[in-house]
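Reviewing the structure listed below.
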Amino acid sequence: MVAPSDNWIKPPSTNSSGHTGEGVIIDIGTGDGRFVYQSARQNPDKFYIGIDPNTRPLEKISEKIYRKPAKGGAGNVLFIQAAIEDLPGELNGVADEVHVHFPWGSLLRAVAIGEIEVLRNVRRICSTGALLEVVTGLDPERDRSEIERLGLPPLSLDFIDTVLTKNYAAAGFKITERGILAASEWPDFETSWAKRLKGNERRPITYLIATADDTD
């Protein structure tokens with residue numbers, strides 16, 4: 001599908017030719033790769049790519065994917081070592097879905113304040129009409145130091161409507177849905193970080209869903 005390079009954890013070889021038949025899904029800030037791995041096992045006709053600048057948490061999952069499917073292998077998975085600011089050009093236009101779940105650091109800042117140049121980098125890897133899902137879960141007390149360090153405003157619906165909608169549009173995305181869920185309404189996310197955060201009553205989920213506009 002795409003040419004390998006030195007910063008790619010190559011997927012296992014496979015004789016199947018149908019792994020991208022139902023789309024390519026990219027998870028930015030994939031962490032330990034749990035979301036990518038579990039989703040790939042459940043949807044064998046989709047191809048999943050997990051991206052993170054830190055590959056150490058991916059060591060266990062990246063070993064699993066090489067096994068036979070009956071023993072937990074997943075031939076429809078690829079992991080890439082890269083930051084959101086430096087996504088490989090080989091990914092240009094390939095994504096049918098992009099997910100950013102519970103980001104931290106510079107990735108959190110980029111999606112939470114709508115850094116246009118960084119979001120344009122995400123738009124670059126999307127096909128026209130691709131789905132972008134961003135999910136954050138910040139505790140205003142426990143995460144105060146990180147919020148202050150990154151200069152994040154409260155992620156209210158008003159902020160999404162007045163600031164993020166404009167910034168995402170400038171980057172080529174149209175926000176089609178947004179919302180805030182209480183801790184009691186948290187859905188199940190196949191990420192280790194989400195499972196640790198779940199249950200904190202002061203940590204609501206803020207989410208937005210956008211589509212990649214035609215840039216021509």
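None of the figures in this text is laboratory data; all of them are computed from the coordinates on show. Worth saying up front: this structure is predicted, and the values here are computed from it rather than measured. We place every Cβ from the backbone using ideal geometry, glycine too, and count neighbours over all the protein chains shown.
Here the extension length gained between Ala169 and Ala182 equals 2.0 nm, from 0.36 nm per residue of separation less the Cα-Cα distance.
Per-residue extension of 0.36 nm, minus the Cα-Cα distance of Asp214 and Gln38, leaves a gain of 60.3 nm for this segment. For the stretch 54-132, the ratio of Cα radius of gyration to the globular rule of thumb 2.2 N^0.38 Å stands at 1.26.
Computed from the alpha carbon positions, the gyration tensor of the stretch 108-175 leads to an equivalent ellipsoid with semi-axes of 23, 12, 11 Å, biggest first.
Please check which bits of the stretch 27-42 a label hung off Lys68 would reach, taking the label as a point 7 Å along Cα-to-C-beta and the cut-off as backbone N under 19 Å. Zone members listed by number: 41.
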